[in-house]
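No lab work stands behind these numbers, since they all come straight from the coordinates. Bear in mind the structure is a predicted one, so any value in this text is a computation, not a measurement. Because the Cβ atoms are built from the backbone with ideal geometry, glycine has one as well, and the counts that use them run over all protein chains shown.
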Amino acid sequence: MTKQRNLQIMERREAGETLASIAKDFGISLERVRQIAIVTRRNLGIGTVENPLRCKRDEDTFVFRCPWCGRLHVHGAKEGWRSSHCNHRKAPQEYYIAEKNND
Ligand SMILES: [Zn+2]
């Protein structure tokens, strides 16, 4: 089943397995593995449009305490999808950030 397969691909990718190794097992392209991992991650947890990483604004940057590695990561102060600054093996390759509301 596709959904099950995509979940497996995402989990193996996040566990640090190479694109090539996963692609070989599933008989799909490296680019397809990369896309499936990102989209599946988006559809699940935090760091998504529905559930963004909430950042504190500091002048023209957004800062957040990383839920994966526990460090602070800094991005330009604009809501949207960003390439991850996190090296933790469980961190996604991309996440969605937004300013923390004060209400
Ligand atoms: Zn991190």
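With neighbour counts taken as other beta-carbon atoms within 10 Å, the residues Ile22, Ile28 rank, fewest first, as Ile28, Ile22. For segment 12-54, the alpha-carbon coordinates run over 36, 16, 12 Å along the three principal axes, in decreasing order. Axis of helix 2-14 versus longest Cα principal axis of the chain: the two differ by about 60°, to the nearest ten degrees. The string of couplings for segment 85-94 from the Karplus curve (6.51, -1.76, 1.60, θ = phi - 60°) is 9, 9, 9, 4, 5, 8, 5, x, 7, 9 Hz, one whole number per residue in order, with x for Gly and Pro. Note on segment 28-47 and segment 80-103: Cα centroid distance 15 Å, given to the nearest whole angstrom.
Largest GNM mean-square fluctuation across Glu11, Glu31, Glu59, computed for the chain with C-alpha springs under 10 Å, falls on Glu59. Evaluating 6.51 cos²θ - 1.76 cosθ + 1.60 at θ = phi - 60° for every residue in segment 27-33, the Karplus couplings come out as x, 10, 6, 4, 5, 5, 4 Hz, glycine and proline recorded as x. Database remark: amide H of Glu99 closer than 5 angstrom to the amide H of Cys55 (H placed geometrically; neighbours at sequence offset of 5 or more, or on other chains; Pro and chain starts carry no H). Its Cα gyration tensor gives the chain an equivalent ellipsoid. The semi-axes, each the square root of 5 times an eigenvalue, are 29, 13, 11 Å from largest down. Other residues with beta-carbon under 12 Å from the beta-carbon of Arg65 carry, at +1 per Lys or Arg and -1 per Asp or Glu, a net charge of +4. Amide H contacts for Thr61 (H built 1.01 Å from N in the peptide plane; partners 5 or more residues away or on another chain; cut-off under 5 Å): Ala77.
Fully extending the segment from Ala15 to Arg65 would add 15.8 nm, taking 0.36 nm per residue of separation and subtracting the current Cα-Cα distance.
Evaluated with a Cβ-only charge set (Lys, Arg +1; Asp, Glu -1), segment 53-99 carries a dipole of roughly 300 debye about its Cα centre, given to the nearest 20. Here the spin labels are modelled as points 7 Å beyond Cα on the Cα-Cβ line, and at Leu7 and Ile38 they lie 2.3 nm apart. Across segment 53-99, Cα-Cα pairs more than 14 Å apart make up 40 percent of the total. Only Lys, Arg, Asp and Glu carry charge here, each on its Cβ (+1 for the first two, -1 for the last two); on that basis the chain has a dipole of about 320 debye about its Cα centre. Among residues other than Arg12 with Cβ under 14 Å from its Cβ, the summed charge is +4 (Lys and Arg +1, Asp and Glu -1). In sequence order, segment 48-63 has phi-based couplings of 10, 4, 6, 9, x, 6, 8, 10, 8, 7, 10, 6, 9, 10, 10, 10 Hz under the Karplus curve 6.51 cos²θ - 1.76 cosθ + 1.60, θ = phi - 60°, and Gly or Pro positions carry x.
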